[in-house]
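Take a look at the structure below.
The values are calculated or read from the model by the stated rules, or taken from the named source; none is laboratory data. The structure displayed is predicted, hence computed values, not measured ones. With ideal geometry, Cβ positions are generated from the backbone for all residues, glycine too; neighbour counts draw on all protein chains shown.
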Amino acid sequence: MNVRVGVKLSEAIQTFELTRHFNSLVAVNHINLEIGKGELFSLLGPNGAGKTTTIRMLCCLLKPTSGTAQVMGYDIAEEPFKVKELIGVSPQETSISERLNCWENLSLIGEIHRLTSTETKRRSQELLERMGLIERSKDQVRKFSGGMKRRLSLIMALVHDPEVLFLDEPTLGLDPQSRRAIWEYIAQLKGKKTILLTTHYLEEADVLSDRLAIIDEGKIAVLGTPEELKKNLSDKQTMVIKVGNLTAEVMSGLRGRYAEVEQRNDELILSASELDFKEITEYLYSQGITIRSAALKQPTLDDVFIQITGKELRE
Amino acid sequence: MRFWAFGKRNLKEIYRDPLALGFLLGMPIAFIVIFSFAFGGEHASPLNISVVNEDNRSATSEAFVQCLENMENLEVNRISEKSQAEEELSTGKLSTYLVIPEGFAQQAKQEGQPVKLELVFDEADPMTAQRVEPVIRVAAAKFLQISSPLDIKLLGQGVEVKDNYINYMVPGMIVFGLMILVPTGVRIIVTDKEKGFLSRLLTTPARPWDFILGYALALVPVVAVSTMIYLGVGMGMGLSMVGNLGLAFLVFFIIGLCCIGIAMILGALFSSEAQGEPACWFFLLPMAMISGAWWPTEQMPSVLQRIAAAFPFFHAMDASRQVITGGASFTTILPDLYWLIGWTVVLFAIGIILFRRQMAS
């Protein structure tokens, strides 16, 4: 393997100040990423943040305006065909030959990657069975539902057994059942393949990712494991309690004990650097307050995302 | 071979789309049948043509008039004086007459010497002259192949062309039919672009020539099959093949490849079907008009003739007509073949460059 000097062999994908302009618009702005072999890394961000542009550059579909990247040690600008031999891509559009059936679509990809016919058939059979498409595998793809096309698109990215997998919004527009089926399959690939995933579904990123980055306006805004990002969101804990017969005296007592106390209709919201669930509930009981429900609120990736980008997610 | 895999896929996409295939094959067939019924064959009324022979009634000119009289789709009316023909034209009794000028026999004897004929027509009725002109042209071309004036009478009767209008029209229609490969090829490429299929394939190790050859390969059988169908329909409608069928097929095959090359270029340039198809017709319809698909190019201003001669369609129509109606040999049409092969090579080279540039964008 012709490996560039200085490249870390443990890294599957490395970007070096990767930048792409479209006229005056800076779609990707000096991004530096290191994704380890076997890691599942997610790129999150609002529409137009630069996720797909980053993937298109890493798949050698777009040339960077400046900077570069390496996939398995091969430079995307200098050795694009070496990179293309090692990657599998499931694009945002399903991008399947509509008048071909599953076998014919997979055979095309197999032949382009110079797999033997036997090997292509074996891999196709295995993947079609696993993704629940074997019974419809001889039907022309144009007769498939959106979910079936997405699953076939994923199989087309996998049939040649690539080392690195790029999944651009693999569950976009799918019903919850189809989405779960694809998540389960991606989860099975963890550790076996290096996966770069972009998604709008934060739950998807939370469940699947080893690490993730939130990209906004072409820049990496934050990077880490889902747990790290949620933990770093705030150094305060929040407790939400649904109560009845709350009195001014009790509110005054709580304000003396905790940093932030807020009442929203029948909800009492307490925030402090440390909250003791038992202590709070016992205090309220002792004051004769009826507690209907109480929970310590865990931060979610949604909270992280909105804090970082200040934007709601859009599809 | 990656291009082979890609070509198989493209061919399946073509023949599994019956509507598109029907349009590709159906339109030229409909044109051939409609034009044949309208202007040629048993169903059409014979053309009336008055002939003024000013060549002192030489044996050669007389044989030529007899040749015209023997043609099934012509009714020849001899007029002795040109002044009488002029008067009848001015009073509307005639719309067209043919003058065989003095010196016709002399010119016919000398090989390579241009032989002049005059077709005088009423400017208020140019369509009749347009129908008569190709018939006279084909008859004269057949007649003037005769080198010895002694054989005039015999060979004049031996003209076997049943319907010269069909012989003139069918080669033009076949080339026009093959021109429809351009929007067909463009549609396949831009649809692959629009649906992201080409982007997916561009993330594989396939090279630019794999794409060009893959798209082209799928259209080659379409060229061969459609040419055979058009020729078959043409023959069914009365086309009589004077020259070598294989040579005519070769001409059509090369212009078919040229059309595939144009499709590759336009397919690389446009990114949506809404742009690609109108752009094809914007280019192809004027090309068909000035190249002689529907009327003789000699009627056009010389500047248009020169423009037409710079493009391959003109040469394909010229060469195929020479072979089909004039029995021209391979060496006779070689200049036209040079044009066609040259254009094919250039178009494919440009197509590969554009695909390479697109892959590197």
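If you go through region B:261-284 and keep only what is loosely packed, with under 14 Cβ neighbours inside 10 Å and either modelled with pLDDT of 90 or more or touching a Ser or Thr at 6+ places or on another chain (Cβ under 6 Å) (or both), you end up with just B:Phe282. Scanning region A:96-111 for residues being free of Cβ contacts under 8 Å to residues at least 40 places away in the same chain and among the aliphatic types (A, V, I, L, M) gives a total of 1. Consider region B:327-361 and keep the residues that are of a type in the set (Gly, Ala, Ser) and touching a Gly at 6+ places or on another chain (Cβ under 7 Å). The one that is farthest from the other protein chains (Cβ to nearest Cβ) is B:Gly327. Looking only at residues in region B:178-195 that are basic (Lys, Arg) and in a helix (DSSP H, G or I), the one that is nearest to the chain's Cα centre (by Cα) is B:Arg187.
Being within 14 Å of another protein chain (Cβ to nearest Cβ), over 30 Å from B:Arg16 (Cα atoms) and touching a Ser or Thr at 6+ places or on another chain (Cβ under 9 Å) is a condition met by no residue of region A:3-16. For region B:287-305, state whether one or more residues are under 30 Å from B:Gly196 (Cα atoms) and either assigned to a helix (DSSP H, G or I) or touching a helix residue (DSSP H, G or I) at 6+ places or on another chain (Cβ under 8 Å) (or both). Within region B:287-305, none of the residues are under 30 Å from B:Gly196 (Cα atoms) and either assigned to a helix (DSSP H, G or I) or touching a helix residue (DSSP H, G or I) at 6+ places or on another chain (Cβ under 8 Å) (or both). For beta carbons closer than 9 Å, sequence separation of 6+ or different chains, a first residue in region B:3-16 that is at the interface with chain A (Cβ under 9 Å from one of its Cβ atoms) and free of Cβ contacts under 8 Å to residues at least 12 places away in the same chain and a second that is buried (at least 18 other Cβ atoms within 10 Å of the Cβ) and in a loop (DSSP other than H, G, I, E, B), the qualifying pairs are B:Lys12/A:Ser97; B:Lys12/A:Leu100; B:Arg16/A:Leu100. Is there a residue in region A:61-74 that is buried (at least 18 other Cβ atoms within 10 Å of the Cβ), within 28 Å of A:Val141 (Cβ to Cβ) and modelled with pLDDT under 95? Yes - at least one qualifying residue is present in region A:61-74. Which is within 13 Å of chain A (Cβ to nearest Cβ), part of a helix (DSSP H, G or I) and over 20 Å from the mean Cα position of the chain (by Cα), of B:Leu217, B:Leu198? Going through B:Leu217, B:Leu198 in turn, the sole match is B:Leu198. Just one of (1) within 11 Å of chain B (Cβ to nearest Cβ); (2) buried (at least 20 other Cβ atoms within 10 Å of the Cβ); (3) over 20 Å from the mean Cα position of the chain (by Cα); (4) outside any loop (DSSP other than H, G, I, E, B) fails for A:Arg142. It is (2). Filtered by the rule that a residue be within 7 Å of another protein chain (Cβ to nearest Cβ), over 16 Å from B:Pro205 (Cβ atoms) and touching a residue at least 24 places away in the same chain (Cβ under 8 Å), region A:64-95 gives A:Pro91, A:Ser95. Across region A:44-54, not a single residue is classified as of a type in the set (A, V, I, L, M) and within 14 Å of chain B (Cβ to nearest Cβ). Note on region A:208-309: enclosed helices (runs of 4 or more DSSP H) holding 1 or more residues that are without any contact (Cβ under 8 Å) to a residue 40 or more places away in the chain and either on the phi > 0 side of the Ramachandran plot or in the same structural domain as A:Gly191 (by TED's automatic domain parsing) (or both) are A:226-233.
Looking at (1) among the small types (Gly, Ala, Ser); (2) buried (at least 23 other Cβ atoms within 10 Å of the Cβ); (3) modelled with pLDDT of 90 or more, which is the one condition that is false for B:Gly246? Exception for B:Gly246: condition (2). Within region A:101-139, being touching a strand residue (DSSP E or B) at 6+ places or on another chain (Cβ under 7 Å), surrounded by 17 or more Cβ atoms within 10 Å (Cβ to Cβ) and within 14 Å of chain B (Cβ to nearest Cβ) holds for one residue alone: A:Asn101. For A:Ser273, the test of being at pLDDT 90 or above and more than 30 Å from A:Pro170 (Cβ to Cβ) is failed.
For region B:84-95, the condition holds for no residue, the condition being that it is in a helix (DSSP H, G or I), surrounded by fewer than 14 Cβ atoms within 10 Å (Cβ to Cβ) and in contact (Cβ under 8 Å) with a residue 24 or more places away in the chain. Would it be correct to say that B:Ser240 is within 14 Å of chain A (Cβ to nearest Cβ), surrounded by fewer than 19 Cβ atoms within 10 Å (Cβ to Cβ) and not in a helix (DSSP H, G or I)? Here the answer is no, as B:Ser240 does not meet what is asked.
Results for (1) in a helix (DSSP H, G or I); (2) within 13 Å of chain B (Cβ to nearest Cβ); (3) in contact with a strand residue (DSSP E or B) (Cβ under 6 Å, 6 or more places away or on another chain), shown as yes or no for each residue.
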| residue | (1), (2), (3) |
| --- | --- |
| A:Ile155 | yes, yes, no |
| A:Leu167 | no, yes, yes |
| A:Gly173 | no, no, no |
| A:Ala181 | yes, no, no |
